Amino acid sequence: RQTLALATELGVLVHAVDTYEPFLSELTRRAREARVDSLVQTHCMDMKDIPSVFPAIDLLWSEGAAYNIGYANALSTWASAVVPQGFAVVSELCWLTPQAPAAITEYFRVGYPEMKSVQENLAIAEAAGFRVLATYTLPRAAWIEGYYDILESRAKALVDHSDQSVRDLATETLREIEIFDRSDGAYGYVFFALQRV
């Protein structure tokens, strides 16, 4: 969705990067339907290779992709590709409260032990050569509407699937939703709007 929004709003070529080709094929189809296919070019590649393929980026927009190579590593790797005074908008899963319920802490100790607070991630961005312009925390509703509310019913339908790996994925998905429901706002996705110095 963000690729189509950027192409439509900015009216410039947008290079969409993902490591999963089916997502890129779906984007190509949707770009054609939206009549912005001439402004969208897809690339199936590793996030760490962005600077070698795109050495002069004016705006790097990353929703959930920094996680693939680690937030700190992503920012330090991508910084060399963002032109001076260029921008990066990067989302990252963050602790939002100083103390999370024990079950939540344990879940992420295994699932994402590198998760840090917003303040820690601000310091990481600055150390990578960015000035922080703003942060924006995704509201709780964004996790539910059009995501967990759809995912939950699909996962419940798959918990008795004949394939064990499908059952495992469905069970883990339901566990993730349960953790979110019990989190009391202890974590969330934060967008960091950054400018290369």
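The values are calculated or read from the model by the stated rules, or taken from the named source; none is laboratory data. Because the structure is a prediction, the values reported are computed rather than measured. Every residue, glycine as well, gets a Cβ built from its backbone with ideal geometry; the counts of neighbours run over all protein chains shown. The protein model used for the area step is the full one, side chains on, heavy atoms only, and it has no ligands, DNA or RNA in it. Shrake-Rupley method; radii C 1.70, N 1.55, O 1.52, S 1.80 Å.
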Practice task
Inspect the stretch 139-160 for any residue being more than 26 Å from LEU4 (Cβ to Cβ), touching a Pro at 6+ places or on another chain (Cβ under 8 Å) and surrounded by 14 or more Cβ atoms within 10 Å (Cβ to Cβ) and give the result as yes or no.
Solution key: no
Exercise for the section: Mind counting the residues in the stretch 105-136 that are more than 30 Å from LEU59 (Cβ to Cβ) and open to solvent by 50 Å² or more (accessible area, probe 1.4 Å)? Expected result: 5
Handout entry: ALA102 open to solvent by 10 Å² or more (accessible area, probe 1.4 Å), free of Cβ contacts under 8 Å to residues at least 12 places away in the same chain and either farther than 17 Å from THR137 by Cα or touching a Pro at 6+ places or on another chain (Cβ under 6 Å) (or both)
Key = yes
Handout entry: Residues located in the stretch 51-78, provided they are open to solvent by 20 Å² or more (accessible area, probe 1.4 Å) and either part of a helix (DSSP H, G or I) or among the polar types (S, T, N, Q) (or both)
Key = PRO51, SER52, VAL53, TYR67, ASN68, ALA72, ASN73, SER76, THR77
Fill in the blank from the handout: Only unsatisfied item for ASP18, checking (1) surrounded by 12 or more Cβ atoms within 10 Å (Cβ to Cβ); (2) within 24 Å of GLN85 (Cβ to Cβ), is (2)
